[in-house]
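I have placed the structure first, in the form of structure tokens, so that the comments after it can refer back to it.
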Amino acid sequence: MVSDKMKAVLVHYNHALSLYKSRKFAEAKEEFKKGLAIHPEDGPSKLYIERCDDYIADPPPEDWDGVYNMKTK
């Protein structure tokens, strides 16, 4: 069973992921941060915040398919 706390995190996460896929990286980052405020150990949200920062600094090409290409190993 999913706790109410995790349900709240998932609401923010799913909204953030939708924004991310729509290339709205700054808005997505803020939404991921809202989920982290509820559950600070949420690894996926932390990861996507880093990716949002990368794409805010260096946006993906116009034909971006949502796949993140790692820059370092």
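A short reminder: the numbers here are calculations on the coordinates, not readings from a lab. None of these values were measured; they are calculated from a predicted model. For neighbour counting, all protein chains shown are included, and Cβ atoms are generated from backbone atoms with ideal geometry for every residue, glycine included.
Just subtract the alpha-carbon distance of K21 and A8 from 0.36 nm times their residue separation and send over the number in nm, one decimal.
Length difference between fully extended and current span is 2.6 nm.
Which of the chymotrypsin sites (Phe, Trp or Tyr not before Pro) found in the chain are in a DSSP loop and have at most 15 neighbouring Cβ atoms, other than their own, within 10 Å?
Taking the chain and a limit of 15 other Cβ atoms within 10 Å, the loop chymotrypsin sites (Phe, Trp or Tyr not before Pro) found are W64, Y68.
Could you name the lysines whose alpha carbon sits less than 27 Å from that of K7, not counting residues in the same chain fewer than 8 places away?
Hits, sequence-local ones excluded: K21, K24, K29, K33, K34, K46.
Name the residue from V2, S22, P44 whose Cα lies farthest towards the positive end of the charge dipole of the chain, charges +1 on Cβ of Lys and Arg and -1 on Cβ of Asp and Glu.
Ranked along the dipole, the leading option is V2.
What do you get for the angle between helix 4-21 and the principal long axis of the chain? Use alpha-carbon atoms, 0 to 90 degrees, nearest ten.
10 degrees
Round to the nearest 10 and give me the degree value, 0 to 90, for the angle of helix 43-57's Cα axis relative to the longest principal axis of the chain.
Orientation of helix 43-57: about 30 degrees from the principal axis.
Taking the Cα centre of the stretch 1-61 as the origin, how large is its charge dipole in debye, to the nearest 20, when only Lys and Arg (+1) and Asp and Glu (-1) carry charge on their Cβ atoms? Walk me through the numbers before you get to the answer.
On the way: 10 positive and 10 negative charges, 40 e Å.
Here the stretch 1-61 has a charge dipole of around 200 debye.
Which of the following values of Rg and Dmax of the Cα atoms in Å was calculated from the structure shown: (i) 11.6, 38; (ii) 10.9, 31; (iii) 12.7, 40?
Only one option fits the structure, namely (iii).
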